[in-house]
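Some notes on the structure that comes next.
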Amino acid sequence: MQLRELAALLSAGIDLKTALEQVGFEKLPRELELAISLGAPLKTLLISLANQQESEQKAKAELGQALAVPRATRRLLLWLPFATLLFTLLLGISSLASLGNPLVLGSLALGFCLLIAGNKITKRMLSGFSSDFYLAELQHFLIAVSYTHLTLPTNREV
């Protein structure tokens, strides 16, 4: 939101130093330093950067919502065997007596291995998504392109 305020102050005719102080920037952001050194238009750039910030925040929120279900499912599947055992004991079904059967032991071992494998796969899949987006390089490219667009001669000028 600070970038929109800064753009509004610059549009109102306030000089950059005063506008930065009023918005609360203690030092000049790197994007603005690059824009000033290239001579890029600050007002349009600030509005574009503000739009990017808002899009980034929206994308982070959507990613958090999309990953909530897989995380909850992973937690549920980890606790499900223990919950099943507890419910069978509460209902009076003698599930502990059947643990001596080799078929039951084999099934439990296979289920445990599959549970561990599924947990590792899910953890790896969820760790691949990061909520931290690094857009600095794209922002610097945007600044350079906005400056180049304004300074390159058109076909009419050549």
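Just a few scattered comments:
- With respect to the stated conditions, Arg74 is surrounded by 11 or more Cβ atoms within 10 Å (Cβ to Cβ) and of a type in the set (Lys, Arg).
- Residue check, Gln57 of a type outside the set (Val, Ile, Thr), open to solvent by 80 Å² or more (accessible area, probe 1.4 Å) and within 30 Å of Val23 (Cβ to Cβ): yes
- Residues (more than 27 Å from the chain's Cα centre (by Cα) and crowded, with 18+ Cβ neighbours inside 10 Å) located in the stretch 11-41: Ala19, Leu20, Ala40
- Qualifying residue in the stretch 42-50 (condition: hydroxyl-bearing (Ser, Thr, Tyr) and touching a residue at least 12 places away in the same chain (Cβ under 8 Å)): yes
The values are calculated or read from the model by the stated rules, or taken from the named source; none is laboratory data. None of the values given here were measured: they were computed from a predicted structure. Every residue, glycine as well, gets a Cβ built from its backbone with ideal geometry; the counts of neighbours run over all protein chains shown. Ligands, DNA and RNA are stripped out before the accessible areas are found, and what is left, the full protein with its side chains, is counted by its heavy atoms. Shrake-Rupley method; radii C 1.70, N 1.55, O 1.52, S 1.80 Å.
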